[in-house]
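To start, the structure itself, in structure tokens.
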Amino acid sequence: MVETYFDKNGKKIEAGMILQHVLDKSRETVYSCQDENGRKDLGFNASNENWLARTGRNREIYPLYQFNLADWEIV
């Protein structure tokens with residue numbers, strides 16, 4: 001079961017959505033991931049895309065629970 005998260009407007013966040021920060025207007029894609037215990041979760045990309053392409057490594061994710069989602073909205 002994936003942790004349930006909601007944006008500043010109370011809308012449910014799902015993998016593949018794009019969230020925008022309300023202050024600086026930066027945008028992040030939401031990815032599906034697993035935590036260290038194998039539980040499904042959601043998060044933002046923590047890896048440099050160019051580095052991933054060169055190395056073939058797996059994407060690292062910052063879990064959404066680390067963010068104040070009242071500062072983010074779905075676009």
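The values are calculated or read from the model by the stated rules, or taken from the named source; none is laboratory data. What you are looking at is a predicted structure, and each value in this text was computed from that prediction instead of being measured. Positions of Cβ are backbone-derived with ideal geometry, glycine not excepted, and every protein chain shown enters the neighbour counts.
This table checks each residue for (1) polar (S, T, N, Q); (2) touching a helix residue (DSSP H, G or I) at 6+ places or on another chain (Cβ under 9 Å); (3) surrounded by fewer than 16 Cβ atoms within 10 Å (Cβ to Cβ).
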| site | (1), (2), (3) |
| --- | --- |
| TYR5 | no, yes, no |
| ILE13 | no, yes, no |
| GLY16 | no, no, yes |
| ASP24 | no, no, yes |
| SER32 | yes, no, yes |
| LEU42 | no, yes, no |
| ALA53 | no, no, yes |
| TYR62 | no, no, yes |
| LEU69 | no, no, yes |
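Please find, within the stretch 1-59, the residue that is farthest from ALA70 (Cα to Cα) out of those that are modelled with pLDDT under 85 and polar (S, T, N, Q). Walk me through it before giving the result.
So the first thing to find is which residues in the stretch 1-59 are modelled with pLDDT under 85, and the list is 1-3, 35-36, 47-59.
With the extra rule that they be polar (S, T, N, Q), the set shrinks to 47-48, 50, 55, 58.
Values: SER47: 24, ASN48: 26, ASN50: 30, THR55: 35, ASN58: 29 Å.
Selected residue: THR55.
Does VAL75 count as in contact with a strand residue (DSSP E or B) (Cβ under 8 Å, 6 or more places away or on another chain), surrounded by 12 or more Cβ atoms within 10 Å (Cβ to Cβ) and among the aliphatic types (A, V, I, L, M)? Let's see the steps before the verdict.
Working: in contact with a strand residue (DSSP E or B) (Cβ under 8 Å, 6 or more places away or on another chain): yes; surrounded by 12 or more Cβ atoms within 10 Å (Cβ to Cβ): no; among the aliphatic types (A, V, I, L, M): yes.
In short, no.
Tell me which of these LEU64 doesn't satisfy, since it passes every other one: (1) under 11 Å from the mean Cα position of the chain (by Cα); (2) among the hydrophobic types (A, V, I, L, M, F, W, C); (3) modelled with pLDDT under 95.
Here LEU64 meets the rest and fails (3).
Go through the stretch 9-48 and report how many residues are assigned to a strand (DSSP E or B) and hydroxyl-bearing (Ser, Thr, Tyr). Steps first, please.
Of the residues in the stretch 9-48, the ones assigned to a strand (DSSP E or B) are 12-13, 18-21, 27-34, 40-45.
Still in the list and also hydroxyl-bearing (Ser, Thr, Tyr): 29, 31-32.
The number of residues fulfilling the criteria is 3.
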